[in-house]
1. Which members of the stretch A:7-25 meet the condition of being away from DNA strand D (no atom under 11 Å from the Cβ) and at negative phi?
2. Mind listing whichever residues of the stretch A:28-41 are more than 8 Å from DNA strand C (Cβ to nearest atom) and of a type outside the set (Lys, Arg)?
3. Of the residues B:Trp100, B:Trp58, only one is touching a strand residue (DSSP E or B) at 6+ places or on another chain (Cβ under 9 Å), more than 10 Å from DNA strand C (Cβ to nearest atom) and of a type in the set (Phe, Trp, Tyr); which?
4. Tell me yes or no: at least one residue of the stretch A:53-63 is touching a Phe, Trp or Tyr at 6+ places or on another chain (Cβ under 9 Å) and within 28 Å of B:Asp86 (Cβ to Cβ).
5. Which residues, taken from the stretch A:53-85, are within 15 Å of A:Ala14 (Cα to Cα) and either open to solvent by 70 Å² or more (accessible area, probe 1.4 Å) or without any contact (Cβ under 8 Å) to a residue 12 or more places away in the chain (or both)?
6. All but one of (1) touching a residue at least 40 places away in the same chain (Cβ under 8 Å); (2) over 29 Å from A:Thr33 (Cα atoms); (3) of a type outside the set (Ser, Thr, Tyr); (4) open to solvent by 40 Å² or more (accessible area, probe 1.4 Å) hold for B:Gly22; state the number of the condition that does not hold.
7. Among the candidates B:Glu50, B:Glu4, B:Glu28, single out the residue that is surrounded by 13 or more Cβ atoms within 10 Å (Cβ to Cβ) and near DNA strand D (Cβ under 8 Å from one of its atoms).
8. Do any helices (runs of 4 or more DSSP H) entirely within the stretch A:1-93 hold 3 or more residues that are within 14 Å of another protein chain (Cβ to nearest Cβ) and charged (D, E, K, R), and if so, which?
There are 2 protein chains.
Amino acid sequence: MLGEFEYLLLTAAAQLGEDAYGAAIRQEIEDATRGRCSIGALYTTLDRLETKGLVRTWMGDPTPQRGGRPKRMVRVTAKGVRAARDFHAAVMRASRGVSWASNRVGTQP
Amino acid sequence: MLGEFEYLLLTAAAQLGEDAYGAAIRQEIEDATRGRCSIGALYTTLDRLETKGLVRTWMGDPTPQRGGRPKRMVRVTAKGVRAARDFHAAVMRASRGVSWASNRVGTQP
DNA sequence: TGATTACTATCACATTGTGATTCTAATGGC
DNA sequence: GCCATTAGAATCACAATGTGATAGTAATCA
């Protein structure tokens, strides 16, 4: 199955669409998790997702702005979407009826 | 942060309440994920969650039924509930607006 | 030309997940 | 009492994932 961080990365990339690249994804993840996205996790996970075929990456055109190492652009593949959907479904499914998953208080002993 | 499997375990244990013990949790997880819960993951993760203070475990009373090594009973601690809530929130938060998270089709390129 | 900026990459290490196999303690039938 | 049967726990060497400090690279600005 997908790891949690892999899921966050896929989600961020999907959300960014055309504008998905390393640093932007990092920003997005830090937003979602309130600040924790190690840079090592980012690029190693990106590599792993790519070898698994869940994303496709390529080096972008030379940046038109100050400071400009070429961006590593990212696109989530169909397979990646499927994997993300499965992860999401599994978490949702597991969380049904549990106290922290809704505003309805569950059957906490 | 919590790993995915750790979350599944916490959730299953919470759901089982009074009846949470190793084998039952395994059953619950296999239900939620449609069949994948390695036994190794179960007990090592249980140990890790306990040392982190997210669950409390103790050996139960000698079983009244056929086949009976004492059950390892499990209870999610307040800290565990907090950790699970955070994980869930992070996944929810990250998933906002993404195509696979709702029936509404997102802005898929 | 060199300071500054935006970004990617690496690597040794820590943490998490795996599954085949073994161990334990209870019961039921004889 | 004896042992087959059963429910369940534990182990361990290994695989997969996540981390962060540090360094590299290519562009612009003054």
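1. Going residue by residue through the stretch A:7-25, those that are away from DNA strand D (no atom under 11 Å from the Cβ) are A:11-21, A:24-25.
Once the filter is applied, which keeps residues that are away from DNA strand D (no atom under 11 Å from the Cβ) and at negative phi, the stretch A:7-25 yields A:Thr11, A:Ala12, A:Ala13, A:Ala14, A:Gln15, A:Leu16, A:Glu18, A:Asp19, A:Ala20, A:Tyr21, A:Ala24, A:Ile25.
2. Within the stretch A:28-41, A:Glu28, A:Ile29, A:Glu30, A:Asp31, A:Ala32, A:Thr33, A:Gly35, A:Cys37, A:Ser38, A:Ala41 qualify.
3. Details: B:Trp100 fails: touching a strand residue (DSSP E or B) at 6+ places or on another chain (Cβ under 9 Å).
Within the list B:Trp100, B:Trp58, the selection yields B:Trp58.
4. no
5. Hits for the stretch A:53-85 are A:Arg56, A:Ala78, A:Lys79, A:Arg82, A:Arg85.
6. (4)
7. B:Glu4 is the lone residue from the list that is surrounded by 13 or more Cβ atoms within 10 Å (Cβ to Cβ) and near DNA strand D (Cβ under 8 Å from one of its atoms).
8. On the way: elements: A:4-16, A:22-33, A:39-51.
In the stretch A:1-93, A:22-33 are the helices (runs of 4 or more DSSP H) which contain 3 or more residues that are within 14 Å of another protein chain (Cβ to nearest Cβ) and charged (D, E, K, R).
The values are calculated or read from the model by the stated rules, or taken from the named source; none is laboratory data. Worth saying up front: this structure is predicted, and the values here are computed from it rather than measured. As a convention, Cβ positions derive from the backbone with ideal geometry for all residues, glycine included, and neighbour counts pool all protein chains shown. Keep in mind that these areas ignore ligands, DNA and RNA; they rest on the heavy atoms of the full protein, side chains included. Shrake-Rupley method; radii C 1.70, N 1.55, O 1.52, S 1.80 Å.
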